[in-house]
Each structure stands twice: as structure tokens, then as C-alpha cells.
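Readers should treat all values here as calculations from the given coordinates under stated rules, not as data from a laboratory. This one's a predicted model, so the numbers in the text were calculated from it and none came from an experiment. Cβ sites come from the backbone with ideal geometry, for glycine too, and all protein chains shown count toward neighbours.
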């Protein structure tokens, strides 16, 4: 059963097990990758190159490599996207995966290659 209540959906996402939260860390593929692999989305992995579509005006349009993926919150840290703290030090600014588009995939993982090729074969 899926509820239409926003608070119930938020609670379900917050209390979801990690194997479900991992699927929530997905982003759209760029048009080129979408044609190549026949898939609309893919999970964001460390080493992917992504572009920021939404969010802070300073970071919108920025393209960089994914440094970390936080499955608990669904956020990603990207090279070159930092925020200045009160003491002047710069720290990585997390960006939610839904605000990104994947422009280049990291295909070092054999399992990921296989899953993308299965999606391609379905078409």
C-alpha cells in the first residue's frame, strides 16, 4: 500500500532499509547516455561525472566528478562544489541526487556494466 500523504511518504523514505535507499540515489542520464544505454536513470556512483541542474545559483550548471555518495540522505558531494564556513574553511557541499544529471558514467564496476547492458537489451 502506498499512501498519498506527504508525511507518510517522507517517513517511509527516512525509515527505509539501505537497499531501498540506495535506489533513491538515482539521477537522470544525459541525452547522449540515454540513447546509448536505453535507460532514463541510473544510480549515482563515485567517479561519475555529473552536472548540477537545480539548486544554488553559484553551483547551478557546474560539472564535476562525484567524490562521495551518502545513501542515508540521498546526497552527493562533487569536486569543486564547496561552501565557506563561518571560520573561513571550505567544506564540500552536499547536493541531492535528484538535482543532477549524469554526463559520464564510471564503468569500472562489472556489475554496473551488466545492469546497463540488460536495460539496453530490453529495448
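Between residue 103 and residue 79, what is the label-to-label distance in nm when each label sits 7 Å out along the Cα-to-Cβ direction?
A separation of 1.3 nm, rounded to one decimal place.
Label residue 121 and residue 16 with points 7 Å out from Cα along Cα→Cβ: what is the distance between them in nm?
For the pair residue 121/residue 16, the computed spacing is 2.7 nm.
Please find the FRET efficiency linking residue 7 to residue 91, where r is the Cβ-Cβ separation and R0 is fixed at 30 Å, and quote it to the nearest 0.05.
Calculated transfer efficiency: 0.45.
Checking a compactness column here: for the chain, what do you get for Rg(Cα) / (2.2 N^0.38 Å), N being the number of residues?
Rounded to two decimals, the normalised Rg is 1.16.
Be a star and scan segment 24-44 for residues whose amide nitrogen sits under 11 Å from the point 7 Å along the Cα-to-Cβ vector of residue 110.
none
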